[in-house]
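The values are calculated or read from the model by the stated rules, or taken from the named source; none is laboratory data. On a predicted model such as this, the values are computed, not experimentally measured, just so you know. Virtual Cβ from ideal backbone geometry, glycine too; neighbours counted across all protein chains shown. Ligands, DNA and RNA are excluded from the accessible area calculation, which covers all protein heavy atoms including side chains. Shrake-Rupley method; radii C 1.70, N 1.55, O 1.52, S 1.80 Å.
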Amino acid sequence: MHDILPQDSPVWQLLESDFRDLAHQYGYAEIRMPLVEKTELFVRTIGEITDIVEKEMYTFEDLNGDQLTLRPEGTAGCVRACIEHGLIHNQVQRLWYCGPMFRHERPQKGRYRQFFQVGAEAYGMAGPDVDAELILMTARLWKKLGIQGLQLQLNSLGSLEARARYRDILVEYMTAHIEQLDADSQRRLHSNPLRILDSKNPAMQALISEAPQLSDSLDDESAQHFADLLELLDKAGVAYTINPRLVRGLDYYEKTVFEWVSDRLGSQGTVCAGGRYDGLIQHLGGRPVPAAGFAMGMERLLSLMVEDGVQATAFSPHIYLVIAGDGLASQGLALAESLRDWRSGLRVMVSCSGGSFKSQMKRADKSHAALALILGEDEAQCGNIVVKFLRREKPQETISQTALTDYLENIDEIQRKLS
Ligand code: HAM
């Protein structure tokens, strides 16, 4: 788990605001879910035999004896909230969210125990057009953020029935080669055999590449859905690779699954992942509602943004007010308030708790403000203020406090930043 320090927060804010604007461009409204849900929700949603549920959840018993879990992802809570508040029955819903998720994974570059996701979920739309919309949304975000070189991988998992058929075929094949399976895969053989395809163990790659393919067992409807999606993406000019081994680590998917992958992030290269989960709402007790969505790992995106030189505006003050004299605090605070009243976007930092003139000027400089206003005893008595430019050579000036806003109106550094 990590702290996000002040020098890093501007680029976080940029990603958050760009994602928020993007979501609104596509008509997605924000939903905020609790960080904690009943453990049972994640077990039923993500699947009992998955890495997340088997070994990565932060689960605890609260004072009432309820089993609770820090959310490892957003989809489960989003579906729970939608069912609970009647948001998805007989209606279309487009939602987005942003926030921390928790998984007790082995930490490494790009993999944390608390990490942030932004995600989107679309309910009530069964067609491949909404799958395409979600993908177009993500592609637009990469452009907006200036992230280069991401590759879109796609697959179709078919309907639950088709997957069950494929599962039998796969188990038969793997059982015939059981001596080549590592311990993890042997354990998964009967509980979650599709996940064997996801194994990163080099010793198993030959066996996996020879395995029967899921695409050969697809039901007609899923095959058509997938073909239609590919056509929509082709027409929209979105490049993709079909990856028949893309099965995803969560059980709720069917039909379309996709991931955006970077080769610049080492082993944790997936920056965004999602797909369709038409059966989940009914599985959780709601009426059947088609559903699809994605989530992206913000830390991974941010490291690409920083590598690509994306610049985010730091919110340094426009004005730093130095109070050089005893008993001037209330006049200084009132002056700063009046400036903030004058323009709501104006950022005024006050040098609170005094100190020598020299140390206050040092702080002014460190704040990256464009100008310092200096309120000394003489100025306070005459209703004046000294203006000193911190980022360019210009003699300091003493002006009347009543004329200050007119004066600032003509200062380039302030006006440029306010506009
Ligand atoms: P996921 O593949 O588990 O899917 O996570 C989505 C993204 O979150 C990953 O591609 C990755 O970028 C990021 N991520 C996951 N674990 C970590 C970690 N430990 N540290 C840093 N980043 C991480 C889901 O969570 C689904 N709920 C996505 C979805 C939404 N499907 C449909 N709707």
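Overall form of region 319-418: rounded. Here a/c, set by the Cα gyration tensor axes a ≥ b ≥ c, is under 1.5. Apply 1/(1 + (r/R0)^6) to the Cβ-Cβ distance of GLN205 and GLU48, taking R0 = 35 Å, and write down the FRET efficiency to the nearest 0.05. The formula returns an efficiency of 0.80 here.
Straight-distance candidates among the lysines for linking to LYS55, with alpha-carbon spacing under 25 Å and chain neighbours fewer than 8 residues away dropped: LYS38, LYS109, LYS200.
In a shell of Cβ-Cβ distance under 11 Å around ILE319, excluding ILE319 itself, what net charge do Lys and Arg (+1) and Asp and Glu (-1) give? Write down the numbers at each step before the final one.
Values: positive: ARG340, ARG343, ARG347, LYS388, LYS417; negative: GLU413.
Neighbour charge sum, excluding ILE319 itself: +4.
Only helices enter the 222 nm calculation for the chain: every DSSP H run of n ≥ 4 contributes -39,500 (n - 2.57), and dividing by all residues gives -11500 deg cm²/dmol, rounded to 500.
A Gaussian network model of the chain, with springs between Cα atoms under 10 Å, assigns the largest mean-square fluctuation among THR241, THR405, THR39 to THR405.
Surface analysis of region 319-418 yields an accessible area of 56 Å² per residue, using protein heavy atoms and a 1.4 Å probe.
Measuring between alpha carbons in the structure, the pairs from LYS144/LYS366; LYS143/LYS235; LYS366/LYS417 lying more than 21 angstrom apart are LYS144/LYS366. A DSSP coil position with no more than 11 other Cβ atoms inside 10 Å describes the following trypsin sites (Lys or Arg not before Pro) in region 311-419: ARG391, ARG392.
Label zone (GLN25, point 7 Å along Cα-to-C-beta; backbone nitrogen cut-off 20 Å) within region 128-162: 129-152.
Restricting the trypsin sites (Lys or Arg not before Pro) of region 196-261 to loop positions (DSSP other than H, G, I, E, B) with no more than 13 neighbouring Cβ atoms within 10 Å leaves LYS200. Full extension of the chain segment joining GLN282 with ASP412 gains 40.8 nm, where the gain is 0.36 nm per residue of separation less the Cα-Cα distance. Can you give the local net charge around ARG264? Use residues other than it whose beta-carbon is closer than 14 angstrom to its beta-carbon, Lys and Arg +1, Asp and Glu -1. Local charge sum for ARG264: -2.
In debye, nearest 20, what is the charge dipole magnitude of region 319-418 about its Cα centre with +1 on Lys and Arg Cβ and -1 on Asp and Glu Cβ, if you could check? It would help to have the intermediate numbers written out before the result.
Working: 13 positive and 13 negative charges, 121 e Å.
In total the dipole reaches around 580 debye.
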